[in-house]
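The values are calculated or read from the model by the stated rules, or taken from the named source; none is laboratory data. No experiment lies behind these values; they were computed from the predicted model shown. In this analysis, Cβ positions are derived from the backbone assuming ideal geometry, glycine residues included, and neighbour counts consider all displayed protein chains. The protein model used for the area step is the full one, side chains on, heavy atoms only, and it has no ligands, DNA or RNA in it. Shrake-Rupley method; radii C 1.70, N 1.55, O 1.52, S 1.80 Å.
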Amino acid sequence: MSRCVPEAGGDGDAPVRQTGAMDSADAVRAEVCGWLAANWDPDLALVEWRRRLADAGWAAPSWPERWHGRGLPPWADEVVADEIAAAGSVGPPLGSGTSLAAPTILAHGPDALRQRFLLPTLTGEVTWCQLFSEPGAGSDLAGLTTRAELDGDEWVVNGQKVWNTSAHHADLGMLLARTDWDAPKHKGISYFVLPMRQPGVEARPLRQMNDHSSFNEVFLTDARVPRHHVVGEVGDGWRAALTTLAFERRFGAMGRPRYAPGPGRALVEARREAEVHFETYKWYPQRAGRADLLLERARATGAGADPRTRDDVARVLSMSQVGRWTAARARAARAGGRTPGPEGSIGKLAASDVARRAAAAHTMITGPDAMLTGPDSPLDGVVAEIIVSVPAVSIAGGTDEVQRNILAEKQLGLPREPSTDVGRPFRDLPRNG
Ligand SMILES: Cc1cc2nc3c(=O)[nH]c(=O)nc-3n(C[C@H](O)[C@H](O)[C@H](O)COP(=O)(O)OP(=O)(O)OC[C@H]3O[C@@H](n4cnc5c(N)ncnc54)[C@H](O)[C@@H]3O)c2cc1C
């Protein structure tokens, strides 16, 4: 497999889109390498560079040509991202905009929203947060009670959301709100694009037990949404929400991009953007349990001499490897254009299990000092941070129990939980809070 490392600062006048057949990874690799050699210019402003990338269809190669892509199979996204990184260049921003909001709008429309939001999301000109969960509606998301009512050309939104990652600095929110209280539970929900920077939206950061502050409670008081900012159809928001949730399970852990250290404007701005973005996620490696540190810790502390500790470490490392294979299987299914099967839920459950077992093994290795934080503590407080961060994996993006329910009902065909709310108007249902 060849890698392209083009010279920076190609002439790059007009992005040229090739239309020849590209049915293999090598052909895609060769084409994107050639394009980067001619077009990557680190001296451009980051937004300008990303526009060039999107105009040529390389920012999201699996998207349709009409919407900034090249209509390539899903595997092409990963191949192209690898080549962009290998060339020392910069791809589209990471985060819930490119991974959740854009694919949902792409799938459900309408065109007016695709036109308005897809490109600025790919260039990083707008950032997003997910406004789904509520104090009384987490696992039972369709029980949400935030309401949106049409008033002339605007929807007026009232209610409260919670656990909303990055809501304190997002420009836009993927908002679920109830628009019809007489429709059954799942039918009266609409999916909106909410402008976050307005007086009716108040994001209050929450302090977590690991001392980070990644998410917020969001209070919506007569917040305004333009009438046409509805993803899909009014009242059909649940279908679009399921798309977002499927992408969220698929999204999994997020790696930090490593941008080249050079001085070009695009690189400087990309490094700055990554710094701000990953401030929110800097404890995410710890929430995954840091299985990668176990072997070294067992050796360094001498705890590896204990056969039980050795067993625990071996089990965590083996399960981690199996988890990577499950993720690879899901990637291969997507690459082959197949709908991924149970891998999303299995992978998420496995990740929770690995995180918990890794935290337990770190505790065994470190002993009571595992509770210490600060400069003199084990690994400068990283061990303590692992222990108080891993519970998040079993909750975020659907709890372990919810993943088991999905597997039981959708994969194993076991009977659904008895439901009392099918077909009845939402306003008549007993509900939380
Ligand atoms: C790190 C992190 C980031 C997050 N980011 C966001 C975000 O950006 N946007 C957003 O909207 N939300 C976000 N969330 C919220 C997350 O989606 C919810 O916490 C999650 O869906 C669970 O909802 P809940 O907290 O209300 O728990 P509940 O639904 O109240 O669950 C409580 C317990 O009951 C169990 N339970 C519930 N229903 C069932 C059932 N039917 N069968 C068996 N057991 C059940 C659950 O498994 C859990 O153990 C985030 C959460 C975390 C931890």
Q: Return yes or no: is residue 100 in a helix (DSSP H, G or I) and either under 30 Å from residue 39 (Cα atoms) or free of Cβ contacts under 8 Å to residues at least 40 places away in the same chain (or both)?
A: yes
Q. Any residue at all in the range 150-160 that is surrounded by 20 or more Cβ atoms within 10 Å (Cβ to Cβ), within 16 Å of the ligand (Cβ to nearest atom), β-branched (Val, Ile, Thr) and touching a residue at least 12 places away in the same chain (Cβ under 8 Å)?
A. yes
(Q) Of everything in the range 116-149, what is assigned to a helix (DSSP H, G or I) and open to solvent by 60 Å² or more (accessible area, probe 1.4 Å)? Give them in sequence order. (A) 116
Q) Does the range 376-387 include one or more residues that are within 15 Å of the ligand (Cβ to nearest atom), touching a residue at least 12 places away in the same chain (Cβ under 8 Å), under 28 Å from the mean Cα position of the chain (by Cα) and under 16 Å from residue 354 (Cβ atoms)? A) yes
Q.
So for the range 70-87 (the condition being away from the ligand (no atom under 12 Å from the Cβ), under 17 Å from the mean Cα position of the chain (by Cα), open to solvent by 30 Å² or more (accessible area, probe 1.4 Å) and modelled with pLDDT of 95 or more), does at least one residue qualify?
A. no
Q.
Can you confirm whether residue 100 is under 18 Å from residue 225 (Cα atoms) and within 16 Å of the ligand (Cβ to nearest atom)?
A. no
Q. Hey, among 248, 296, which residue is surrounded by 14 or more Cβ atoms within 10 Å (Cβ to Cβ) and either within 30 Å of residue 158 (Cα to Cα) or modelled with pLDDT of 90 or more (or both)?
A. 248
Q.
Condition first: in contact with a Pro (Cβ under 7 Å, 6 or more places away or on another chain) and closer than 17 Å to residue 247 by Cβ. Now tell me which residues in the range 314-366 satisfy that.
A. 330, 333, 334, 335, 337
Q.
Condition first: on the phi < 0 side of the Ramachandran plot, among the hydrophobic types (A, V, I, L, M, F, W, C) and either open to solvent by 10 Å² or more (accessible area, probe 1.4 Å) or within 9 Å of the ligand (Cβ to nearest atom) (or both). Now tell me which residues in the range 161-176 satisfy that.
A. 162, 167, 172, 174, 176
Q: State which residue is nearest to residue 353 (Cα to Cα) when the search covers only the range 270-284 and only residues that are open to solvent by less than 60 Å² (accessible area, probe 1.4 Å) and either within 16 Å of the ligand (Cβ to nearest atom) or not aliphatic (A, V, I, L, M) (or both).
A: 284
Q: Look at residue 179 and say whether it is among the β-branched types (Val, Ile, Thr), modelled with pLDDT of 95 or more and within 13 Å of the ligand (Cβ to nearest atom).
A: no
Q. Among the residues of the range 388-416 satisfying the criterion of being over 26 Å from residue 162 (Cα atoms) and either without any contact (Cβ under 8 Å) to a residue 40 or more places away in the chain or near the ligand (Cβ under 10 Å from one of its atoms) (or both), which is surrounded by the most Cβ atoms within 10 Å (Cβ to Cβ)?
A. 408
Q.
Could you tell me how many of the residues in the range 32-55 are buried (at least 20 other Cβ atoms within 10 Å of the Cβ), out of contact with any helix residue (DSSP H, G or I) (no Cβ under 6 Å at 6 or more places or on another chain) and assigned to a loop (DSSP other than H, G, I, E, B)?
A. 1
